[in-house]
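Let me begin by presenting the structure, written as structure tokens, before commenting on it.
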Amino acid sequence: MASNHSQKVEAIADHADADNDSSHVNAKSIVLSNEAKVEQANAHSLINPKKEITFTVSTNDIAEAAHQIADQKAAAAKAAEEQAAAEQAAAEQAAAEQAAAEKAQQEAQQAAQNAAAASAASAASASSSAATTASTETTTNKGTFKLSFYDPSVLGSGLGYGGVAANLSVFPKGTRLKITLSDGTVWYRTVNDTGSFAAGNPNQLDVAMPNSQIPSAGVLTATVEVVG
């Protein structure tokens, strides 16, 4: 089958000048050549048709794909939000723990400073009290006395352990005594009793003391002073 182009060329050839045979022959030749080419092309198309792949996408498929993409985006956004929240919570917890540690350290330092200040104040107060006592205390040395010991509770006495029995002609009742042992130990006792030994031993004192605390030596010597 000849194409429109071939038909037009053939028409031109048919209406060519009759005296110009060579032009007519040439036109005819062109027509035949074109027709042959067209027929060959048509035959080739029939033998080897072009292979085409056709995809059919329905509206439901597109909607489903869009829905899946939206879900994925929403899930990613939620995961990012949760991660950000977790990171913020961790940062806040770390800050709180650091603040608590700093506060505890400050409190410990403050407590140590307070304890040191209290200790210094107590030491200063004790030193001041001792100095005041030493400066205001007046004593009269009565010499060296023998010391013996007794437990008033064993004897059924209720006088307690703050007293001492003495010769009342030497130390009347109510006399406050400062008793200094040879090792420097100092006892303060008040004369509140006398003993049968006093008549023959005016230079001896019988010191009230629990049996568990009485020195193993039994009898000691000490310097005795009257306080006040």
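The values are calculated or read from the model by the stated rules, or taken from the named source; none is laboratory data. Remember, it's a predicted structure, so these values are computed and weren't measured experimentally. Virtual Cβ from ideal backbone geometry, glycine too; neighbours counted across all protein chains shown. All accessible areas refer to the heavy atoms of the entire protein, side chains included, with ligands and DNA or RNA removed. Shrake-Rupley method; radii C 1.70, N 1.55, O 1.52, S 1.80 Å.
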When you look at Lys173, is it part of a strand (DSSP E or B), touching a strand residue (DSSP E or B) at 6+ places or on another chain (Cβ under 8 Å) and not polar (S, T, N, Q), yes or no? no
Residue list for the range 160-170, filter: more than 15 Å from Ser196 (Cα to Cα) and part of a loop (DSSP other than H, G, I, E, B): Gly160, Tyr161, Gly162
Output for Cβ contacts, cut-off 8 Å, separation at least six or different chains, first residue touching a residue at least 60 places away in the same chain (Cβ under 8 Å) in the range 207-222, second outside any strand (DSSP E or B) and open to solvent by 50 Å² or more (accessible area, probe 1.4 Å), reads Met209/Tyr161; Asn211/Val154; Leu220/Ser182; Thr221/Ser182; Ala222/Ser182
When only residues in the range 174-216 that are among the small types (Gly, Ala, Ser) and under 60 Å from the mean Cα position of the chain (by Cα) count, which is least open to solvent (accessible area, probe 1.4 Å)? Ala208
Whichever residue in the range 101-137 is more than 28 Å from the chain's Cα centre (by Cα), surrounded by 10 or more Cβ atoms within 10 Å (Cβ to Cβ) and not hydrophobic (A, V, I, L, M, F, W, C) and, among such residues, is modelled with the highest pLDDT: Glu137
